[in-house]
1. So which residues in region 148-168 are farther than 16 Å from Glu187 by Cα and buried (at least 23 other Cβ atoms within 10 Å of the Cβ), if there are any at all?
2. If you check Leu283, Leu228, which single one turns out to be hydrophobic (A, V, I, L, M, F, W, C) and over 25 Å from Leu162 (Cβ atoms)?
3. Name every residue in region 87-129 that is part of a helix (DSSP H, G or I), more than 18 Å from Tyr57 (Cβ to Cβ) and of a type in the set (D, E, K, R), in order of residue number.
4. In region 112-133, which residues are touching a helix residue (DSSP H, G or I) at 6+ places or on another chain (Cβ under 7 Å) and not hydrophobic (A, V, I, L, M, F, W, C)?
5. Considering only residues that are in contact (Cβ under 8 Å) with a residue 60 or more places away in the chain and either aliphatic (A, V, I, L, M) or touching a helix residue (DSSP H, G or I) at 6+ places or on another chain (Cβ under 7 Å) (or both), which ones fall in region 187-211?
6. Condition test on Tyr208, is it assigned to a loop (DSSP other than H, G, I, E, B), of a type in the set (Ser, Thr, Tyr), assigned by TED's automatic domain parsing to the domain that holds Gly274 and at negative phi?
7. For region 244-253, name all the residues that are more than 17 Å from Leu205 (Cβ to Cβ) and in contact with a strand residue (DSSP E or B) (Cβ under 6 Å, 6 or more places away or on another chain).
8. Tally the residues that are buried (at least 20 other Cβ atoms within 10 Å of the Cβ) and in a helix (DSSP H, G or I), restricting the search to region 252-282.
Amino acid sequence: MLWLLFFLIVLLVLFLYARSAPGKPGPLWFPQGQGPMVIAHGNDCGNGLYPGNTAAYLGAMVQLGVDAIEIDLWLTADGHLVLIHDRELEMFSDGAGLVEDKTLEQLRQLNIAYFWTRDGEHYPYRDNPQRVLTLQEALAMVGDMPMILELKSRQYRAAKVLRDVLVDSEKQQQVVVSSFHQGVINEFRRLCPQVATGSPTLEALVFYLAQLLRAEKLLCPSYSAMQLPMEQSGIPVVSASLVRAANRKKVHLAVWTVNGAENYRRYIDLGVHGIVTDRPDLLMAMLAQQRQALLKQAA
């Protein structure tokens, strides 16, 4: 009886999502036999080459030539979107309190890479402080490189500010806007339907369940991209059947946060469209080696 009820609920959810407006195509592409897109992850935990969401990170990723850059956004008390990952300032900076309780000017006084370290002993940015960036500044730094904007704020006002920044900077076609918060992403879609969006948790779950039932054809996704974790509660999330379903619905499927050669090979073999990694340099080197090997075989 419980399984029947669950099945009926799933069918109802699928029906409701089938009536939604289709997602706007975005700047992320579907590789054709060339391996996945290399997407730089804005890591703040020392796993990457640079502290994420900083000028050092953005500049280095542009120079490296990654395929896309992921950043995180919070709304300041005076209405600016800034590049920061964690909500609590104590987690990453020499300040205290919550990001959203501070004005932009107050945040400018902080070193947002104060605690960044790769080995737990050396803190290279204490003598080279990194100041907070606004979204406008970040968009100007990266040129025409595709970006995934992770909107961390739960405030609906953040959706309007994001819309205004993208319109003013004429970057609507360069970004995919993502959020874990369904209400916030719904508000952004209402305000800015011309910009591509990713799938929040609920929509990703619906897609996942639909492909398990081989019912993804019933869906009309409001998103053009999904960024999914490697696993959830110890259970692998991304599978060959999920990739096939994403291909059928033309939804760009990327997996995060993937590090290490073994994991790279796993998702390359699965055929995912993008890999979000703390070490894009290593992933790019592996993909280059694979292409060279294919060229030698073809010669």
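1. Ile148 - this is the single residue of region 148-168 that is farther than 16 Å from Glu187 by Cα and buried (at least 23 other Cβ atoms within 10 Å of the Cβ).
2. Working: Leu228 fails: over 25 Å from Leu162 (Cβ atoms).
Step by step, each of Leu283, Leu228 is checked, and only Leu283 is hydrophobic (A, V, I, L, M, F, W, C) and over 25 Å from Leu162 (Cβ atoms).
3. The answer is Glu90, Glu100, Asp101, Glu105.
4. Gln130, Arg131
5. Of everything in region 187-211, those that are in contact (Cβ under 8 Å) with a residue 60 or more places away in the chain and either aliphatic (A, V, I, L, M) or touching a helix residue (DSSP H, G or I) at 6+ places or on another chain (Cβ under 7 Å) (or both) turn out to be Val195, Ala196, Thr197, Val206, Leu209, Ala210.
6. Details: assigned to a loop (DSSP other than H, G, I, E, B): no; of a type in the set (Ser, Thr, Tyr): yes; assigned by TED's automatic domain parsing to the domain that holds Gly274: yes; at negative phi: yes.
No.
7. Residue satisfying the conditions is His252 alone.
8. Of the residues in region 252-282, 3 are buried (at least 20 other Cβ atoms within 10 Å of the Cβ) and in a helix (DSSP H, G or I).
The values are calculated or read from the model by the stated rules, or taken from the named source; none is laboratory data. Here the structure is a predicted model, which is why all the values come from computation and not from measurement. Every residue, glycine as well, gets a Cβ built from its backbone with ideal geometry; the counts of neighbours run over all protein chains shown.
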